[in-house]
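Visitor: Can you read through this structure? Questions will come right after.
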Amino acid sequence: MASTNSRRLLSSFCSVSDRAVLEPRDAAGGASKDDLASRYTTTLRLSTGQAYAHKAPIAFLGSEVDERTGTLPVRALFPNPDLLLIPGQFVTALVAETVRIERPTVPLDAVQQDREGKYVMLDDADKKVVQRRITVSEQARGSWIVETGLGGGESLIVDRLQNITEGSVVENGADAGAGDGASAADTSQPTVSK
């Protein structure tokens, strides 16, 4: 909801789940509330579905969770030079990272977990299986977004993970069976994805 004392600068208030604050905070290495707020910018979508032309930084991130809803209050101050926003108007607030950081993603099924945390299996330059510990932030489109542990471009083993162990030799599906007259790739070998 938008409210104001001045029609040229409008405050937009919304509520976000505590999880929406805690997960990015953990991913940012325990950043303070103010540091976290500075990493995000807010845009508005009007009731017509139209995007509001101006963006605004988060001006206030609440420090107390509403026990009834499990949410924290957020406020952003939007410029309103065309007086398009009206006090009391309902809008949809969209919060996004100020600077979009490209991060690698891995399919959900390729990520395994044990007592020490999440990990993936990689095919190194010597065609040997290597285990790599990763930290992930959230899921998007059937993949985990990787915060640490991968830089992008690694050869990730994405299936038949139960058939491999660290140090074992992996043949890429295109190379499997080469030289022995086989007409098809060995289906017992894991698939390697770049």
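The values are calculated or read from the model by the stated rules, or taken from the named source; none is laboratory data. Keep in mind it's a predicted model, so treat the numbers as computed, not measured. Here the Cβ positions follow ideal geometry from the backbone for every residue, glycine too, while neighbour counts run over all protein chains shown.
Visitor: Which of the following residues is at pLDDT below 85 and more than 30 Å from Ala20 (Cβ to Cβ): Gly152, Gly179? Steps first, answer last, please.
Guide: Details: Gly152 fails: more than 30 Å from Ala20 (Cβ to Cβ).
When all the criteria are applied, what remains is Gly179.
Visitor: Would you tally the residues in region 153-165 being under 28 Å from the mean Cα position of the chain (by Cα) and surrounded by 11 or more Cβ atoms within 10 Å (Cβ to Cβ)? Give the derivation first.
Guide: Step one: list which residues in region 153-165 are under 28 Å from the mean Cα position of the chain (by Cα), which gives 153-162.
Remaining after also requiring surrounded by 11 or more Cβ atoms within 10 Å (Cβ to Cβ): 154-161.
Residues that pass the stated criteria total 8.
Visitor: Return the residues of region 111-135 that are touching a helix residue (DSSP H, G or I) at 6+ places or on another chain (Cβ under 9 Å) and either surrounded by 17 or more Cβ atoms within 10 Å (Cβ to Cβ) or more than 15 Å from Leu161 (Cβ to Cβ) (or both); say none if nothing qualifies. Spell out the reasoning first.
Guide: Just the residues of region 111-135 that are touching a helix residue (DSSP H, G or I) at 6+ places or on another chain (Cβ under 9 Å), to begin with: 112, 120-121, 135.
Matches in region 111-135: Val120, Met121, Thr135.
Visitor: Return only the number of the condition from (1) more than 19 Å from the chain's Cα centre (by Cα); (2) under 28 Å from Thr135 (Cα atoms); (3) buried (at least 18 other Cβ atoms within 10 Å of the Cβ) that Ala76 does not satisfy.
Guide: (2)
Visitor: How about region 34-83: which of its residues are without any contact (Cβ under 8 Å) to a residue 40 or more places away in the chain and touching a helix residue (DSSP H, G or I) at 6+ places or on another chain (Cβ under 8 Å)? Show your work before the answer.
Guide: Taking region 34-83 first, the residues without any contact (Cβ under 8 Å) to a residue 40 or more places away in the chain are 34-37, 48-55, 58, 60, 62-64, 67-68, 82.
Leu36, Ile58, Phe60, Ser63, listed by residue number.
Visitor: Same structure, new question: Can you tell me which residues in region 56-105 are closer than 18 Å to Asp34 by Cβ and among the hydroxyl-bearing types (Ser, Thr, Tyr)?
Guide: Ser63, Thr98
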